Amino acid sequence: MSSEDQASTRAWIIHPDLTREERRHAAEYALAEAESLAVALPGLEVVGSEIVRLAKPVPATLLGSGKIEEVKARLDAAEVELVLVDGPVTPVQQRNLEKKWGVKLLDRTGVILEIFSDRARTREGVLQVEMAALSYQRTRLVRAWTHLERQRGGLGFVGGPGETQIEADRRAIDEQLVRLRRQLERVVKTRELHRAARAKVPFPIVALVGYTNAGKSTLFNRLTGASVLAKDMLFATLDPTMRRVELEEGPEIILSDTVGFISDLPTQLVAAFRATLEEVLEADLVLHVRDIAHPETEEQAQDVNDILQDLGLDEEVPVLEIWNKIDLVDPEKRAVLEGRAEREEDTLAISAVTGEGLDRLLALITDRLSGMRFEAELDLGFADGRKRAWLYEQNVVQEEAQTETGQHLRVLWTPVQEARFRRL
């Protein structure tokens, strides 16, 4: 399929709103987010979108027969070729809806996978996307598998080689998963060597996290002078990007930009990008960047906090809340927010676009990191080889002396490193 043909793929978005279900995000904002996801997919033209209220999903078709006919009339009138359903769709529901509507269908996981595939740049990112795609598609054998030979670009759900419907059995998928896992293990080992090399550099790591489109990459570019892709688009950054930043009155730091979080991110996709998020787990300081101008900024912040908790972020790691896009808030509300930010500890209102508040942000980072490393004396027994090796991996050992029962060490470390050591 040529790029011209692909560019003409006409898409329709449906957000199923389960009326009896407790939800964090309002249906209209969820639909707006789904539209942003679609915009992030190359080669799509969104010609319509709607919220479909559901008392409960129909096992075979998701929607009731009357609603299916009603939607079909709209799809036919708009000459739709692809329907994006903003939620989970079972393989049976997908096949039945595709047959009834005469279109291709992607659920939320499929859409996000397609975006991840298009954006992943590092070898590890590409491998992890392929593994997540295989795991997702293992039960959907009506799909084509020719896309697995492609090194980059879409996964073929929307167009390209994956357009043709050919059978693929589970054994073939499992064999491919085994091959990918082996490749990934080799890549991860290389990555661990890089991380060990970074650990020898006594620079604290500061990680940017936040809901997707909160402005992390724009802030990263401002602070580092780098040119990371910073667009008003969901999942603009997928692979970890790290740069050294010299603080005027503090230490040099390593600043890490990470993938944006999103509500209802399928667990296999969180796992797929664990490597990106591992940079957060290694951090000495986390900056939680929030789009404070977004109507659902509180709900987005809760999503981010939930994912950080699921990942196992140390409670000892300090987290600063950075209220970004303050320039987009009306003056009256802005004054209230800035007053709140000043009263709340570890909170700062900024604009990454205009540069407002960035000097104060750098000063706050310096303040939190200065004096963070402190000396301690440790006595290890001969059986504590693992603990001793860990201390050397962290490059915190200043002196070591043999004792009758083992080793006496003087270390220079951070409170986070101390807490991790105590848990070994």
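Residues to consider are ASP310, ASP327; find the one that is within 29 Å of ARG373 (Cα to Cα), of a type outside the set (Val, Ile, Thr) and part of a helix (DSSP H, G or I).
ASP310
For LEU380, indicate whether it is touching a Leu at 6+ places or on another chain (Cβ under 8 Å) and within 23 Å of GLU282 (Cβ to Cβ).
So LEU380 fails the test.
Residue by residue through region 47-105, note down the ones that are within 27 Å of the chain's Cα centre (by Cα) and assigned to a loop (DSSP other than H, G, I, E, B).
ASP86, GLY87, PRO88, VAL89, THR90
Does region 402-420 include one or more residues that are farther than 25 Å from ILE253 by Cα, in contact (Cβ under 8 Å) with a residue 24 or more places away in the chain and among the aliphatic types (A, V, I, L, M)?
Yes, that holds for at least one residue.
Could you check ALA383 against (1) at pLDDT 95 or above; (2) part of a loop (DSSP other than H, G, I, E, B) and say which number it fails?
The single condition ALA383 does not satisfy is (1).
Report, by residue number, each residue of region 207-228 that is part of a loop (DSSP other than H, G, I, E, B) and at pLDDT 60 or above.
THR212, ASN213, ALA214, GLY215, GLY225, ALA226
In region 31-41, is there at least one residue being more than 14 Å from LEU84 (Cα to Cα) and of a type outside the set (D, E, K, R)?
No: zero hits.
GLY102 versus (1) small (Gly, Ala, Ser); (2) more than 17 Å from ASP264 (Cβ to Cβ); (3) modelled with pLDDT under 85: which is the lone unmet condition?
(3)
For ALA34, indicate whether it is assigned by TED's automatic domain parsing to the domain that holds GLU79 and surrounded by 13 or more Cβ atoms within 10 Å (Cβ to Cβ).
yes
Looking only at region 27-39, decide whether some residue is part of a loop (DSSP other than H, G, I, E, B) and in contact (Cβ under 8 Å) with a residue 24 or more places away in the chain.
No, region 27-39 contains no residue that is part of a loop (DSSP other than H, G, I, E, B) and in contact (Cβ under 8 Å) with a residue 24 or more places away in the chain.
I need a count of the residues in region 386-420 that are surrounded by 14 or more Cβ atoms within 10 Å (Cβ to Cβ) and not in a helix (DSSP H, G or I).
14
The values are calculated or read from the model by the stated rules, or taken from the named source; none is laboratory data. On a predicted model such as this, the values are computed, not experimentally measured, just so you know. Cβ coordinates were reconstructed from backbone atoms using ideal geometry, including for glycine residues, and neighbour counts include every protein chain displayed.
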